[in-house]
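Everything on this sheet refers to the single structure shown next.
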Amino acid sequence: MIPVKVDQLLLSSKGPVVLLKSEKDPRSLPIFIGVAEAQAIHIHLANVKIPRPLTHDLFKNVLDMLECRLMKVEVNDLREGTFYAVIYFERDGMKMKIDSRPSDAIALAIRCSAPIFVAESVMDEAGQIFEDIASNDNSAKQGKDKQIKLSTIDRLKQELDLAVKEERFEDAARIRDEIKKLEKGHSGN
């Protein structure tokens with residue numbers, strides 16, 4: 001198993017993509033995920049505070065209440081273009097595992113500070129090497145920072161549209177405020 005971290009959350013023409021990357025392996029594993037799961041991952045990574053728990057927050061709260069520890073997450077298989085994951089738990093010395101979609105497993109793992117792993121066979125089959133935009137040039141790094149900030153704003157605008165459409169006005173207000181904060185920071189650069 002290859003230990004990985006969430007490297008980036010991107011929006012492609014086919015939908016959201018989470019990139020899992022190891023410090024010890026030059027490859028990244030791109031996994032297409034749903035909008036809701038992308039939002040759950042993004043909200044946690046961006047440290048956005050929400051007034052009520054989202055599904056993955058609720059699940060973590062239940063685990064905490066039951067004194068059940070999430071030990072690790074493994075993206076362990078790739079069949080017919082579909083990734084599979086397993087979540088490992090421990091409670092009172094008893095170890096358990098449960099099948100999961102990788103997107104849900106990742107969203108939960110980052111909330112529980114649990115390690116994420118990718119099977120060697122999965123990385124061999126679907127891993128890709130992406131060029132590092134930043135290289136060692138400081139101006140390239142600044143360009144990457146602006147690109148990431150702009151793509152974050154674009155993603156948030158899509159989330160805002162969805163929240164308004166679904167009449168989740170508290171979420172919409174929070175997302176609007178986050179967009180304003182990012183746009184203000186972007187104009188100052």
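List of remarks:
- Residue check for ILE50: among the β-branched types (Val, Ile, Thr), surrounded by fewer than 20 Cβ atoms within 10 Å (Cβ to Cβ) and not in a helix (DSSP H, G or I): yes
- Looking across segment 53-75, the residues that are surrounded by 12 or more Cβ atoms within 10 Å (Cβ to Cβ) and of a type in the set (Val, Ile, Thr) come down to THR55, VAL73, VAL75.
- For segment 10-25, the count of residues that are under 8 Å from the mean Cα position of the chain (by Cα), under 18 Å from GLU178 (Cα atoms) and not assigned by TED's automatic domain parsing to the domain that holds ALA173 is zero.
- ASN76 being in contact with a Pro (Cβ under 8 Å, 6 or more places away or on another chain) and closer than 17 Å to ALA114 by Cβ: no
- Each residue in segment 71-112 was checked for being among the aliphatic types (A, V, I, L, M) and more than 17 Å from the chain's Cα centre (by Cα), and 5 of them qualify.
- One residue from LYS14, LYS21 being basic (Lys, Arg) and either over 25 Å from GLU120 (Cα atoms) or at pLDDT below 90 (or both): LYS14
- Within segment 74-133, the set of residues being among the acidic types (Asp, Glu), part of a helix (DSSP H, G or I) and within 23 Å of HIS42 (Cβ to Cβ) comprises just one member, ASP104.
- Scope segment 11-38; condition in a strand (DSSP E or B) and surrounded by 15 or more Cβ atoms within 10 Å (Cβ to Cβ); matching residues: LEU11, PRO16, VAL17, VAL18, LEU19, LEU20, LYS21, SER28, LEU29, PRO30, ILE31, PHE32
- One residue stands out in segment 162-189 among those that are of a type in the set (Gly, Ala, Ser) and either within 17 Å of LEU45 (Cα to Cα) or in a helix (DSSP H, G or I) (or both): the one that is modelled with the highest pLDDT, namely ALA173.
- Residues that are modelled with pLDDT under 95 and basic (Lys, Arg) within segment 83-100 comprise just one, ARG91.
- Qualifying residue in segment 138-161 (condition: surrounded by 13 or more Cβ atoms within 10 Å (Cβ to Cβ), at pLDDT 75 or above and among the β-branched types (Val, Ile, Thr)): no
The values are calculated or read from the model by the stated rules, or taken from the named source; none is laboratory data. No experiment lies behind these values; they were computed from the predicted model shown. Cβ coordinates were reconstructed from backbone atoms using ideal geometry, including for glycine residues, and neighbour counts include every protein chain displayed.
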